[in-house]
Structures are given as C-alpha cells and as structure tokens.
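Visitor: One structure follows; several queries about it will come next.
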Amino acid sequence: MVEDQDAQILAHLQRDGRATNQQLADEVGMSTSACWRRVRALEETGIIQGYAALIARERAGFAMSAVLHVSLERHDAKFVDEFVSRVTKRREVLECFATTGDADYHLRVVVRDMAAYNAFLDEFMFRIPGIRYVRSNVILKEIKTSVALPF
C-alpha cells in the first residue's frame, strides 16, 4: 500500500515524468530534499520501475494493432516455458497476460500493416510448439489507452 504523499508523487509523475524535482516538490507540498528521498525510495523498492515516453502508435507508423487469444495444447512446463520465452522476446508483443477463460494467454500486438501482421502470424506465432489455437481481434479504434494507475 502506498502512503498518501507517495501516491501524490506517483500521480504527478504519471502525468509528467519529465518534471524536475523542484516542480514535483512544489506540486505535492514537500521540500525538494524530502521529495527527492521519497522518489529514490519509490525507485529502490521497485514501485517506480522506470521512465519512458508515450508514443502515438499510428503517427509512429504502427497502423495495425490486434489482441490475440492463445490457447496451448498442454500446460506442462516445457510448452509454457517455450511459449513465454519466445513471446517475451518479440518487440511486436507489447503485452502478454496469462488469463482464465477460453484462452490461456492474451497478447496485444502492434505492427506496421496487415502484411506485417500476416508475417508475424505465419513466421512466428504459428511456429511455436504446443499452440492449440490463435484467435485474433483486430483493433478498429482505440477508445481509451492508459498506463496510469488510478491514484
């Protein structure tokens, strides 16, 4: 559980990860040295995992996005480890979740176009041993995309 002042720091950093320590301290009502110590502690405990720029996917040339529903034939360690190992190395896979329900995994994939998506499926997904099926849902329009937690 995150303390109130830490939650304020995290909320502000989610809105503006490039804020200076002075700006952040002013925003949350702390001294700069106390704010710096709190941010360092949040980084050291792994609550803050890193900093990144948010990129407009389509403007950057990744016109196609899809959610893949993947089910494995068997759930023994060999097939699971192989699947996880391969999927985590692919840059097109932005997210991968082990899930309950009909599919064992859900992946969010981005590619430049339909030809690249077809190549991703044919040359990568369909070659992973132990996959029972891959079902695709092409994303037509992104209604809401966020990485910010609701502090």
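Visitor: Please work out whether segment 16-117 counts as rounded, prolate or oblate from its C-alpha gyration tensor, where a ≥ b ≥ c are the square roots of the eigenvalues and a/c under 1.5 means rounded, while otherwise a/b larger than b/c means prolate and anything else oblate?
Guide: Note, shape of segment 16-117 comes out oblate.
Visitor: Need the full-extension length gain, Val138 to Ile55, defined as separation in residues times 0.36 nm minus the C-alpha distance. One decimal, nm. Before the final figure, lay out the partial values.
Guide: Values: separation 83, 0.36 × 83 = 29.88 nm, distance 1.98 nm.
The Val138-Ile55 span can extend by a further 27.9 nm.
Visitor: Leaving out ligands and nucleic acids, note down the accessible area per residue over the chain with a 1.4 angstrom probe, in whole Å².
Guide: 69 Å²
Visitor: Now a separate question. May I ask you to evaluate 6.51 cos²θ - 1.76 cosθ + 1.60, the Karplus curve with θ = phi - 60°, for each residue of segment 48-62 and list the ³J(HN,Hα) values in order in whole Hz, giving x for glycine and proline?
Guide: Working through the residues one at a time gives 8, 8, x, 10, 8, 8, 8, 10, 6, 3, 5, 5, 8, x, 9 Hz.
Visitor: If you rank Arg40, Arg59, Arg132 by how much accessible surface each has, with a 1.4 Å probe, what is the order from largest down?
Guide: So, going from the largest accessible area down, we get Arg59, Arg132, Arg40.
Visitor: Tell me what the chain gives for mean residue ellipticity at 222 nm when only DSSP H runs of n ≥ 4 count, each as -39,500 (n - 2.57), the sum divided by the residue total, rounded to 500 deg cm²/dmol.
Guide: -11500 deg cm²/dmol
Visitor: Provide the descending list of Cα extents for segment 7-61 along its principal axes, expressed in whole angstroms.
Guide: Computed over segment 7-61, the largest-to-smallest principal extents equal 42, 23, 15 Å.
Visitor: Any idea of Glu3's accessible area? Nearest 10 Å², probe 1.4 Å.
Guide: 120 Å²
Visitor: What number comes out for the charge environment of Val28, summing +1 per Lys or Arg and -1 per Asp or Glu over other residues with Cβ under 14 Å away?
Guide: Net local charge, Val28 excluded: -3.
Visitor: Still on this structure, please answer the following. On full extension of the chain, what length is gained from Ser33 through Asp4, given 0.36 nm per residue of separation minus the C-alpha to C-alpha distance?
Guide: Length difference between fully extended and current span is 8.7 nm.
Visitor: Same structure, new question: With the crude spin-label approximation of a point 7 Å out along Cα→Cβ, what separation in nm comes out for Ile47 versus Thr20?
Guide: 2.5 nm
Visitor: A further question follows. What lysines sit close enough to Lys78 to cross-link, taking a C-alpha to C-alpha distance under 26 Å and skipping anything fewer than 8 places away on the same chain?
Guide: Of all the lysines, those that pass the test against Lys78 - Cα under 26 Å, at least 8 places apart if same chain - are Lys89.
The values are calculated or read from the model by the stated rules, or taken from the named source; none is laboratory data. Since we're looking at a predicted model, the values are computed, not measured. Note: ideal-geometry Cβ built from the backbone for every residue, glycine included; neighbour counts use all protein chains shown. Areas reflect the complete protein model, heavy atoms only, side chains present, ligands, DNA and RNA absent. Shrake-Rupley method; radii C 1.70, N 1.55, O 1.52, S 1.80 Å.
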